[in-house]
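A quick write-up on the structure given underneath.
Values in this text are rule-based calculations from the coordinates and carry no lab data. Bear in mind that the values here come from a model prediction, so they are computed numbers and not experimental data. Cβ atoms come from the backbone with ideal geometry, glycine included; neighbour counts cover every protein chain shown.
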Amino acid sequence: MKVIKCKSGNIMIVLKEVEDVSDKVIKANDVDASFEKHVPQFEMMDKNVKVFVNHVMEEDHYIEWLLVDYGNEQIIKHFAPGDVPSMIVEYRSGMKAYSYCNKHSLWVSEDL
Ligand SMILES: [Fe+2]
């Protein structure tokens, strides 16, 4: 799975790559912004895990979505300003979680 940004500004999730999209890939954790406020955090809850970001959720600056990647399955949750950017999902070893800030781009926590 890859997250890419097209020339149009569209952000797309590539589930199957049939042509090289390496020039369009958004690099995670690559923007000069607070790592702690953007990278997904985790809180174990028995067999589940709460995935969240400690980030403002203002009209012009907020987390647009969180995505959990299990490798063979992805779960995405979208947010609007004022929402709480968190989701509770099943814990699986090796899972990754991505967050996307409308101002500070893509962030990832890997291999939980
Ligand atoms: Fe941000």
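Rounded to whole Å, give me the distance from the Cα center of the range 37-81 to that of the range 1-29. After rounding, the separation between the Cα centres reads 20 Å.
Remark: relative contact order (the chain) = 25 percent; criterion is Cα-Cα distance under 8 angstrom and separation of 6 or more residues. In the chain, helical runs assigned H by DSSP with n ≥ 4 each contribute -39500 (n - 2.57); averaged across all residues and rounded to the nearest 500, the mean residue ellipticity at 222 nm is -500 deg cm²/dmol.
Fewest neighbouring Cβ atoms within 10 Å first, the residues Lys5, Lys96, Lys27, Lys16 line up as Lys16, Lys27, Lys5, Lys96.
Residues Val25, Val53 in ascending order of nearby Cβ atoms (within 10 Å, fewest first): Val25, Val53.
Listing His61, His38 from fewest to most neighbouring C-beta atoms within 10 Å gives His61, His38.
Put a dot 7 Å past the Cα of Glu36, heading toward its Cβ, do the same for Gln74, and the two dots end up 3.0 nm apart.
Extension gain for the segment Asp23 to Asp83, taken as residue separation times 0.36 nm less the Cα-Cα distance, is 18.3 nm to one decimal. Under the shape rule built on the C-alpha gyration tensor, where the axes satisfy a ≥ b ≥ c, the chain is oblate, since a/c reaches at least 1.5 while a/b does not exceed b/c.
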